[in-house]
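The values are calculated or read from the model by the stated rules, or taken from the named source; none is laboratory data. In this text the structure is predicted, and so the values were computed from the model without any measurement. With ideal geometry, Cβ positions are generated from the backbone for all residues, glycine too; neighbour counts draw on all protein chains shown. Heavy atoms of the whole protein, side chains included, go into the accessibility calculation; ligands, DNA and RNA do not. Shrake-Rupley method; radii C 1.70, N 1.55, O 1.52, S 1.80 Å.
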Amino acid sequence: MNKGIWLNEHTFHKFSEPKKTIGEEIATRKRSLDFISMMGYLPNPDETIKKMGKDIKVYKEIKTESQVATCTLSRTAGVQSLKYGINRGKAKSKQAKTIERVFNELPVKDIIKDILDANYFGYQPLEITWIDKYGLIIPGKIQAKPAEWFCFDDSNQLRFKSKDNPIYGEELPERKFLCPRYNASYDNPYGLSLFSSLFWYATFKKDALKFWLICVEKYGMPFIVGKIRRGATDDEMNDLLEKLDQMCQDAIAVIYDDSSVEVKSDPSKASSSGMFKDLISLCNEEIAKVIVGQTLTTQVGETGGAYAASQTHQEVRQDIVDMDAAQVSQT
């Protein structure tokens, strides 16, 4: 409907539409041509899980991989080992003591660990359970909840995917959830998952270990070949086979005087197992680079010596610890 005023029975003056001011947001999903805005919620844009057709739960499978577990433990411990305190500011002494008492009653180290899980999954919702204590409403419990239970809407607001609303999720009350995110943006409120960057390295390492064990089992020990006279009965052949099997375990065998035993090995096949070791080493290095920003004891020669390498690694590690500590403090 056109807005305006009739100046007379023949003349209509149309009012001009108010223009957007600099205090309003202009470029929004609701006004853009992005088809996602029609869905009402934003799917996680993580390329790794999109290509596999799975959700973020797939990253929990690699969390226990040895190199991944070691590096995440090291990175998290770097922040947990720091001292922390409450910045009193201009608050009165009584107020500051109350706040300090609230924090002292919370499992801060566990909460720090949960907050830093946002680095590995991209985001990590934490639910606050408020209680009435000291005449105040204070957080009695702060508990991490599975990230796959949540999504973001087209306004980048966190929503809970419940049984009643599994697609679009339920709107959450204010001051009920914390949601630290790693390198999140307007385009990607889910944040960037470090596990996404190392997922295939962890997967390839797992497969390399499996094939390496098969190779070692097949070529690491020599083959025992038993020869028996032509025309021997099945019982005689089975008897020799059983004795050779015992020989593999005990290196002792009793055979017929007209039979022979030959030990065969192929050094070239055994040495080829080194390629699996190289692949595993490469995967370990890349996993370490992604999580802790360094390859630990590898590539020392490139940095001009062991001392120079340790100094460089320590500087990189400290930068990461400082970044993670700032994220924890902000949360």
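Which count do you get for residues in segment 278-293 that are assigned to a helix (DSSP H, G or I) and touching a helix residue (DSSP H, G or I) at 6+ places or on another chain (Cβ under 7 Å)? So that I can check it myself, show each step before the final result.
Our first condition is that a residue be assigned to a helix (DSSP H, G or I); within segment 278-293, this holds for 278-292.
Filter once more, keeping what is touching a helix residue (DSSP H, G or I) at 6+ places or on another chain (Cβ under 7 Å): 279-280, 283-284, 286-288, 290-292.
Residues meeting the conditions: 10.
Looking across segment 64-95, the residues that are in a helix (DSSP H, G or I) and small (G, A, S) come down to S66, A69, S74, A77, G78, S93.
In segment 270-297, the residue that is modelled with the lowest pLDDT out of those that are surrounded by fewer than 16 Cβ atoms within 10 Å (Cβ to Cβ) and among the hydroxyl-bearing types (S, T, Y) is T297.
Residues to consider are G53, G78, G89; find the one that is open to solvent by less than 100 Å² (accessible area, probe 1.4 Å) and closer than 25 Å to T295 by Cβ.
Working: G53 fails: closer than 25 Å to T295 by Cβ; G89 fails: closer than 25 Å to T295 by Cβ.
Step by step, each of G53, G78, G89 is checked, and only G78 is open to solvent by less than 100 Å² (accessible area, probe 1.4 Å) and closer than 25 Å to T295 by Cβ.
Within segment 209-220, is there a residue that is at pLDDT 60 or above, within 22 Å of the chain's Cα centre (by Cα) and open to solvent by less than 100 Å² (accessible area, probe 1.4 Å)? The answer is yes, given that some residue of segment 209-220 is at pLDDT 60 or above, within 22 Å of the chain's Cα centre (by Cα) and open to solvent by less than 100 Å² (accessible area, probe 1.4 Å). Just one of the numbered conditions (1) open to solvent by less than 20 Å² (accessible area, probe 1.4 Å); (2) under 29 Å from S193 (Cβ atoms); (3) without any contact (Cβ under 8 Å) to a residue 40 or more places away in the chain; (4) not basic (K, R) is not true of C71: (3). If the condition is being within 21 Å of G140 (Cα to Cα), in a loop (DSSP other than H, G, I, E, B) and open to solvent by less than 60 Å² (accessible area, probe 1.4 Å), then segment 96-126 contributes L106, Q124, P125.
I'd like to verify a number: residues in segment 1-53 that are of a type in the set (D, E, K, R), at pLDDT 80 or above and within 30 Å of the chain's Cα centre (by Cα), how many?
Quick first cut of segment 1-53, residues of a type in the set (D, E, K, R) only: 3, 9, 14, 17, 19-20, 24-25, 29-31, 34, 46-47, 50-51.
This time we only want the ones that are at pLDDT 80 or above, so: 24-25, 46-47, 50-51.
In the following step, the residues that additionally are within 30 Å of the chain's Cα centre (by Cα) were identified as 46-47, 50-51.
So the count comes out to 4.
Selection of first residues in segment 164-192 that are within 18 Å of A325 (Cβ to Cβ) and of second residues that are of a type in the set (A, V, I, L, M) and open to solvent by 50 Å² or more (accessible area, probe 1.4 Å), restricted to Cβ pairs under 6 Å at least 6 apart or on distinct chains, gives the following pairs, ordered by first then second residue: Y182/L192; N183/L192.
K243 - would you say it is at pLDDT 60 or above and over 30 Å from A208 (Cα atoms)? Yes; evaluated as a whole, the condition is true for this residue.
This table checks each residue for (1) at pLDDT 90 or above; (2) surrounded by fewer than 14 Cβ atoms within 10 Å (Cβ to Cβ); (3) part of a loop (DSSP other than H, G, I, E, B).
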{"position": "I137", "(1), (2), (3)": "yes, yes, no"}
{"position": "E148", "(1), (2), (3)": "yes, no, no"}
{"position": "F152", "(1), (2), (3)": "yes, no, no"}
{"position": "K163", "(1), (2), (3)": "yes, yes, yes"}
{"position": "P173", "(1), (2), (3)": "yes, yes, yes"}
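Of all the numbered requirements in (1) touching a helix residue (DSSP H, G or I) at 6+ places or on another chain (Cβ under 6 Å); (2) at pLDDT below 90; (3) hydroxyl-bearing (S, T, Y), S196 misses one, and that requirement is (2).
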